[in-house]
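Asks: I'd like to ask you about the structure that follows.
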């Protein structure tokens, strides 16, 4: 694990990379890393997240900056810019039911090929997917979702990279930290090793590659 700046961490992310980004409507999103992605002018990104937040907030900054080629999310309803770009054919949007989305990410983190879910059977969600019958019930095979980078936001870390989350920031962050090939964690404070009780660690240091503290 390396402690670094947002500038140095983002320099590792190339154009065209796939990113999982934590947060729910911007709460729990790594704002400093997102700001740096915009500043460095990244393009053609694939963003996997619960939503695209709002204009000027979280992932919404990437959308407004036209840094994103494709979004895989559960909803985009509160970001009119995402909707505008999608309708104009400027942004590809893949909508995934929220429970299915997080399970696909979890499957990747646990080394599974995918999950079986009845959600979407008989709807447009089913298009292009394999149907399976299990004990008389129909399921869709939803494949695991991986990403080149997972960008997470945590309240606290020790110098090894063990992460603790605060309140609703403990949403997608712990799950995406297991599914990204490279994990960049933006934290509010870094404390000495031993200050965080093992019982309070949510994401262990072994999963974290780069730690971005406050400048």
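Asks: In Å and from the alpha-carbon atoms only, list the Rg and Dmax of the range 36-111.
Replies: Just the Cα atoms of the range 36-111 yield Rg and Dmax of 12.5, 37 Å.
Asks: Continuing with this model, one more query. Against the longest principal axis of the chain, how steep is helix 98-109, in degrees 0 to 90 to the nearest 10, with axes from Cα atoms?
Replies: Approximately 60 degrees, to the nearest 10.
Asks: Further, regarding this structure: On a full-extension model of 0.36 nm per residue, what is the gain between residue 110 and residue 181, subtracting their alpha-carbon distance, rounded to one decimal in nm?
Replies: 24.3 nm is the gain from fully extending residue 110 to residue 181.
Asks: Take each of the peptides 107-115, 205-213, average the number of other beta-carbon atoms within 10 Å over its residues, and list them starting from the highest.
Replies: Listed from highest to lowest mean packing, they are 205-213, 107-115.
Asks: Residue 168 versus residue 65, label points 7 Å from Cα toward the beta carbon: distance in nm?
Replies: Going from the residue 168 label point to the residue 65 one covers 2.5 nm.
Asks: Related question: Would you indicate which of [x] 15.9, 52; [y] 17.5, 61; [z] 17.4, 57 is the value of Rg and Dmax of the Cα atoms in Å derived from the coordinates of this structure?
Replies: [z]
Asks: A further question on this structure: Using the count of nearby Cβ atoms within 10 Å as a rough guide to exposure, how do 181, 129 rank from fewest to most?
Replies: If I rank by nearby Cβ atoms, fewest first, I get 181, 129.
Asks: At 0.36 nm per residue, minus the direct Cα-Cα distance, what do residue 40 and residue 132 gain on full extension? Give it in nm, one decimal, please.
Replies: 28.6 nm is the gain from fully extending residue 40 to residue 132.
Asks: Label-point separation (nm) for residue 3 and residue 200, each offset 7 Å from Cα along Cα-to-Cβ?
Replies: If labels sit at residue 3 and residue 200, their model points lie 1.8 nm apart.
Asks: If I model a spin label at residue 190 and residue 75 as a point 7 Å from the Cα along the Cα→Cβ vector, what separation in nanometres do I get?
Replies: Once both label points are built, they end up 3.7 nm from each other.
Asks: When the helix-only estimate is applied to the chain (DSSP H runs of n ≥ 4, each -39,500 (n - 2.57), divided by the residue count), what is the mean residue ellipticity at 222 nm, nearest 500 deg cm²/dmol?
Replies: Dividing the helical sum by the residues of the chain leaves -5500 deg cm²/dmol.
Asks: As an exercise, use a Förster radius of 25 Å and the Cβ-Cβ distance of residue 88 and residue 121 to find the FRET efficiency, rounded to the nearest 0.05.
Replies: The value I calculate is 0.20.
Asks: Sticking with this structure for a sec: What's the center-to-center distance, using Cα atoms, between the range 122-200 and the range 97-117 in Å?
Replies: 10
Asks: Need one word for the range 74-154: rounded, prolate or oblate. Basis is the Cα gyration tensor (sqrt eigenvalues a ≥ b ≥ c); a/c below 1.5 gives rounded, then a/b vs b/c decides.
Replies: Judged from the Cα gyration tensor, the range 74-154 comes out oblate (a/c at least 1.5, b/c at or above a/b).
Read-outs throughout are calculated quantities, based only on the coordinates presented, and are distinct from any laboratory measurement. Computed from a prediction, not measured in an experiment: that's the story for all the values here. Neighbour counts are summed over all protein chains in view; Cβ atoms, including those assigned to glycine, are modelled from backbone coordinates with ideal geometry.
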